[in-house]
Amino acid sequence: MKKTAITLTLLASLLFGGQAMAAPSLSVPGIIQGLNAVRAGQHRAPLKENATLDWVAQLKANDLCRRDYWAHTLPDGKPFTYYFDRAGYRYDYAGENLAQGYDTTSALITGWVNSPEHYANMISADYTQTGAAFVNCPAYQGQTDVTIAVNEFGRPEPLASAPGPVRAVAKTVSLVPLAAIVTFGVLLVGEVAAIYWLRNRRGQSRGKRKAKK
């Protein structure tokens with residue numbers, strides 16, 4: 001059952017000459033490593049990078065750039081978890097951090113840490129997996145060369161309960177053919193004995209008839 005979905009946004013004010021800086025040293029591994037370093041400082045277990053969540057993050061970053069909006073909810077009213085569902089990521093918990101205008105991984109992580117709401121997402125014990133992506137948008141919200149970063153968080157739904165023990169089923173099934181073989185063997189022996197007795201009786205009858213002649 002899906003339980004919670006936390007969404008947060010951060011807008012950076014890193015402008016140079018009225019234009020947002022590009023992202024020369026921003027990287028997905030760097031975002032994941034920075035996130036887990038923050039979690040380690042709070043004695044939280046590291047989040048495992050999930051390829052599907054990386055894809056979810058990229059889909060969201062691309063959509064923000066392509067449709068030129070700044071929100072967790074999509075322009076058509078769909079929730080941010082739309083891309084989780086589209087990617088086939090079934091979750092118990094899901095969260096999302098957004099940022100724009102950061103040109104380095106360290107600046108991005110620091111920006112999120114300095115925002116109480118984003119920081120709460122970063123160190124939450126509700127999540128076990130994460131994914132990240134970014135896009136350099138040539139034109140966005142009236143600006144040029146804007147970098148949009150997305151960090152997705154999730155805890156997948158538990159796997160369905162496994163069926164009963166296979167060995168027990170196999171043993172139970174194996175008793176059926178064994179019993180059938182034993183029964184068939186008894187019937188076969190009985191049938192052979194009956195045939196032998198019948199043939200012997202016939203032979204004796206023929207022998208008696210010959211003797212009479």
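In the range 110-123 there is at least one residue that is hydroxyl-bearing (Ser, Thr, Tyr) and within 30 Å of Leu159 (Cα to Cα).
Residue selection: Ala87 fails the criterion of being within 20 Å of Pro156 (Cα to Cα) and in contact with an Asp or Glu (Cβ under 8 Å, 6 or more places away or on another chain). Restricting the search to the range 80-110, which residues are touching a strand residue (DSSP E or B) at 6+ places or on another chain (Cβ under 7 Å), assigned to a loop (DSSP other than H, G, I, E, B) and either at positive phi or of a type outside the set (Lys, Arg) (or both)? Residues satisfying the conditions are Phe80, Thr81, Tyr89, Gly101, Tyr102, Asp103. Among residues of the range 136-151 that are open to solvent by 50 Å² or more (accessible area, probe 1.4 Å), those with a beta-carbon under 6 Å from a residue that is of a type outside the set (Lys, Arg) and at pLDDT 95 or above at least six positions away or on a different chain give the pairs Asn136/Thr147. Of everything in the range 114-133 that is of a type outside the set (Ser, Thr, Tyr) and open to solvent by less than 50 Å² (accessible area, probe 1.4 Å), the residue that is farthest from Asp92 (Cα to Cα) is Ala133. Out of all the residues in the range 65-80, is one or more crowded, with 20+ Cβ neighbours inside 10 Å, among the small types (Gly, Ala, Ser) and touching a residue at least 12 places away in the same chain (Cβ under 8 Å)? Within the range 65-80, not a single residue is crowded, with 20+ Cβ neighbours inside 10 Å, among the small types (Gly, Ala, Ser) and touching a residue at least 12 places away in the same chain (Cβ under 8 Å). When the range 83-104 is filtered for residues that are of a type in the set (Ser, Thr, Tyr) and under 24 Å from Ala139 (Cβ atoms), the ones remaining, listed by number, are Tyr83, Tyr102, Thr104.
The values are calculated or read from the model by the stated rules, or taken from the named source; none is laboratory data. Given the structure is predicted, the values throughout are model-derived calculations rather than measurements. Ideal geometry is used to build each Cβ from the backbone, glycine not excepted, and the neighbour counts take in all protein chains shown. Note: areas computed on protein heavy atoms with side chains; ligands, DNA, RNA excluded. Shrake-Rupley method; radii C 1.70, N 1.55, O 1.52, S 1.80 Å.
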